[in-house]
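Just below is one structure, and these are the notes that go with it.
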Amino acid sequence: MAISFEKTIPILRIFDVAKAKDFYCGFLGFHVDWEHRFDDGSPVYMQVSKAGLTLHLSEHHGDCCPGSTVFVWMTGIEEFRKEITSKGYKFMRPGIETTFYDAKCVQVIDPFGNHIRFNEELKPKQES
């Protein structure tokens, strides 16, 4: 049987669940799939998703480092930018940049220093 990787799910470090939900759900439009705590005094580990993109957000210090960058290929980037900027999130108003790798890019930075670069190819690949 050939090796096949099914899905990549980045883990991003967070420090405040309410701020994380405000950013990821309120601003970016993700929804919380599930949250886990070992007990009431434990850090949270949660999954958020939107339109096929899944992220894990963790308050656990050993899971990952704050300030990571996630690179995402997508379609509909102009609609996505309109959607998020129309929400009036006071901490971020991202624009669209054209990159050296022939893509449009909308970059956001969460309250914990993690960057997400949403990218759409300028010229869609031709079907063979």
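General remarks:
- Close amide H pairs (under 5 Å, H built 1.01 Å from N) link Val44 with Glu59, residues at least 5 positions away or on another chain.
- Protein accessible area in the chain, 1.4 Å probe - carbon and sulfur %: 52 percent
- Largest-first ordering by accessible area, 1.4 Å probe, given options Cys25, Cys65: Cys65, Cys25
- The relative contact order of the chain, computed from alpha carbon pairs under 8 Å that lie at least 6 residues apart in sequence, is 24 percent.
- From the coordinates shown, semi-axes √(5λ) of the Cα gyration tensor in Å corresponds to which of (i) 27, 20, 13; (ii) 28, 20, 9; (iii) 27, 16, 10: (i)
- For the set Lys21/Lys123; Lys90/Lys123; Lys7/Lys90; Lys19/Lys104; Lys21/Lys82; Lys21/Lys50, the pairs lying more than 25 angstrom apart at their alpha carbons are Lys21/Lys123; Lys90/Lys123; Lys7/Lys90; Lys19/Lys104.
- Taking Thr54, Thr99, Thr69 as the candidate residues, the one with maximal mean-square fluctuation in a Gaussian network model of the chain, Cα springs under 10 Å, is Thr99.
- Surface analysis of the chain yields an accessible area of 65 Å² per residue, using protein heavy atoms and a 1.4 Å probe.
- Of the residues Asp33, Asp102, ranked by 1.4 Å probe accessible area with the largest first, the sequence reads Asp102, Asp33.
- Val72 paired with Ile11, simple spin-label distance in nm, labels 7 Å along Cα-to-beta-carbon: 2.0 nm
- Neighbours of Tyr24 by Cβ distance under 15 Å: Lys/Arg scored +1, Asp/Glu scored -1, total -2.
- With all protein chains in place and ligands, DNA and RNA left out, the 1.4 Å accessible area ranks Trp34, Trp73 as Trp73, Trp34, largest first.
The values are calculated or read from the model by the stated rules, or taken from the named source; none is laboratory data. Just so you know, these numbers come straight off a predicted model, no measurement behind them. In this analysis, Cβ positions are derived from the backbone assuming ideal geometry, glycine residues included, and neighbour counts consider all displayed protein chains. Note: areas computed on protein heavy atoms with side chains; ligands, DNA, RNA excluded. Shrake-Rupley method; radii C 1.70, N 1.55, O 1.52, S 1.80 Å.
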